[in-house]
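Each remark here refers to the structure printed beneath this line.
The values are calculated or read from the model by the stated rules, or taken from the named source; none is laboratory data. A quick note: this is a predicted structure, and the numbers were derived from the prediction, not measured. Every residue, glycine as well, gets a Cβ built from its backbone with ideal geometry; the counts of neighbours run over all protein chains shown. Please note that ligands, DNA and RNA were not included when accessible areas were found on the heavy atoms of the full protein model with its side chains. Shrake-Rupley method; radii C 1.70, N 1.55, O 1.52, S 1.80 Å.
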Amino acid sequence: MKTSDLFVKALENEGVKYIFGIPGEENLDLLNSLKGSSIKLILTRHEQAAGFMAATYGRLTGSPGVCLATLGPGATNLVTAAAYAQLGGMPMIMITGQKPIKMSKQGRFQMVSAVEMMHPLTKLSKQVVHGHTVTALIREAFRLAVEERSGAIHIELPEDIAAEDSDAEIYEKRIYRRAVADTHAIVDAVHKIERAKSPLILLGAGANRLTTRSAINYFIDKTGIPFFTTQLGKGVVDERSPLCLGTAALSSNDCVHTAIDSSDLIINIGHDIIEKPPFFMKKDGFEVIAVNFLPANVDEVYFPQVEIIGDIAVSVTKLSSHIDIQSSWDFRFMLDIKKNLDATIEDEAADESFPLMPPTLVDIVRKVMPSDGIVSLDNGLYKIWFARNYKAHLPNTLLLDNSLATMGAGLSAAIASKIVYPGRKVLAVCGDGGFMMNSQELETAVRLKLDLVTLILNDGAYGMIKWKQEERGFENFGLDFNNPDFVMYAESYGAFGHCIKNTGELGPLINECFEKGGVHVIEVPVDYSLNDELMNRCKI
Ligand SMILES: Cc1ncc(C[n+]2csc(CCOP(=O)(O)OP(=O)(O)O)c2C)c(N)n1
């Protein structure tokens, strides 16, 4: 069989449904093989966007998302997406083309060493050098992409190898069990938790796995220990729970840190240091039990005293079965803080001034989105507000990136979400800066006939950096820009464009857009001038 045909058959065998990307001349054999396959090609307008979509597919489904690009410039355009998947722990396979390796066709035209370039950004980056090895490499790529910590893989398929014949056989897809934790670690942890005065649970990115979620819900129900989340742990347990203290949107000095500092033991389930720290450990401060798939990376602000290393679901289930509820546990102070925080958030959301204040915006979005609706955020100042104020009811319903924290991914992640869950409402929330980094994907959304609503938060600036600039006492300089007319811009793509003129309009308009269907863009003027004041209001 032709190697490119075999390549596609091996992808089908792995359950691949979509390939996101932009083919080049060097992928033409593979493209032709895709034509007769069950895999749908999702053509994008930038490889970076294709990578963000594939990574998001991996994030939502737990199976690797696949993207495709040509050699040289196509491959270099995938770099940010590779880092996004790798740091975010999202399983993704990138396939790039290359000139023939057995003969020189055009000298070194367009050639960069994509395999080497991708090494530091992936778990594996490899060129296929013979048609015979292709199926084993694909099996290994899919196995490794999902092995914890999951991440990005790069396969380069040169033109001549794609075109040659191969007699390789396809390897059966297998599911492997993860290693489980040592019993001594569980016993140590149980003793520590039982002896603690005010233990507190932290849910991080690694807690967001299918089997893990139910084990954690049971542990919290059984023990009644309060919990807070990192940005990537949002929604693992319904945040409407009376035990939910909120999200550590910042690393220190945020409202939730008063609760964290009142605890003497944090049970950290699934957070690792790639995500922005939810707290800083100090000598003589609270202790930490780390429950994760892999050992913790120790540094000056993170040095857990006990580690439970192995499958998180199994570890948490074992903790649940060994632990006895202690009458000496005291959560009163933490739960008082929660009441105060909830009341402040509600109070702030009542502000109807225009342009919109961030807490009002988050409140409006929460009210219009159903529990299973997906809000996909780009990166900007509003992300902190969504992380802190948006109560996620279900896992993966607030998609944000707190590891690479790249701008430009919000719209692409929303498109991938809608492809994965066509029956659910999907809303992208982007700053005017981040939106313009990959706004061309509006055409992809319109071409695919998706029902999608995008909010563009217009402050005419890179607001997040402006806030940091002010915080550090620098003068306002170098961060303002002009925007296109977003309504006309959306319409030029065949999307519907809207711009709101008062705060009360936004909620009903989002609902109307969802009802009408199609791709909608809503420009929302925002006011960040009181950001500091608002952030400090709920501190105790
Ligand atoms: C690709 C990329 N470039 C730069 C940054 C640094 N950065 C973080 S937030 C931000 C400003 C975001 O501006 P905008 O999208 O308009 O959102 P706002 O903060 O104004 O709400 C910048 C420049 C980044 N995170 N990613």
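Quick notes on this structure:
- Average Cα contact separation per residue, the chain, under 8 Å, 6 or more apart, as relative contact order %: 13 percent
- Calculated FRET value between Asn297 and Lys339, using beta carbons and R₀ = 35 Å, to 0.05: 0.50
- Rh (Kirkwood; distinct C-alpha pairs) - region 265-411, Å: 18.2 Å
- Here the chain has 53 percent of its accessible surface on carbon and sulfur atoms, given a 1.4 Å probe and all protein chains in place.
- Counted charge near Asp5, where neighbours are those whose Cβ lies closer than 10 Å (Asp, Glu -1; Lys, Arg +1): 0
- A 1.4 Å probe run over the chain, with the rest of the protein chains in place, finds 40 Å² accessible per residue.
- Annotation for Ser529 and Asn476: the two label points, set 7 Å from Cα along the Cα-Cβ direction, are 0.8 nm apart.
- Backbone N under 12 Å from the Asn217 label point (7 Å along Cα→Cβ), restricted to region 375-416: 393-395
- Hypothetical label at Ser252: residues of region 271-300 whose amide nitrogen lies under 12 Å (7 Å Cα-Cβ projection): 279-283
- Label-to-label distance, nm, for residues given as Glu346 and Lys367 (7 Å Cα→Cβ offset): 1.4 nm
- Long-range tail of P(r) for the chain (Cα pairs > 33 Å, %): 44 percent
- Here r is the Cβ-Cβ distance between Arg332 and Arg195 and R0 is 25 Å; the resulting FRET efficiency, rounded to 0.05, is 0.85.
- Extension gain, Lys35 back to Glu515 (0.36 nm per residue minus Cα-Cα distance, nm): 169.4 nm
- The distance from the alpha carbon centre of region 225-246 to that of region 94-147 is 41 Å, rounded to a whole number.
- C-alpha center-to-center spacing [region 5-66, region 333-404] in angstrom: 34 Å
- Average silhouette area of region 173-319, convex hull of alpha-carbon atoms, in square nanometres: 8.7 nm²
- Rounded to 0.05, the FRET efficiency of the Tyr421 and Gln469 pair, given R0 = 51 Å and the Cβ-Cβ distance, is 0.85.
- Segment Glu172-Lys276, length gained on full extension (0.36 nm per residue, minus Cα span): 33.6 nm
- Gyration tensor verdict on region 131-203 (Cα atoms; rounded if a/c is under 1.5, prolate if a/b is larger than b/c, oblate otherwise): prolate
- From most to least packed by mean Cβ count within 10 Å, the peptides 37-46, 76-85, 1-10 give 76-85, 1-10, 37-46.
- Phi angles of region 371-381 translate, via the Karplus equation with coefficients 6.51, -1.76, 1.60 and θ = phi - 60°, into HN-Hα couplings of 3, 8, x, 10, 9, 10, 9, 7, 10, x, 4 Hz per residue; Gly and Pro are given as x.
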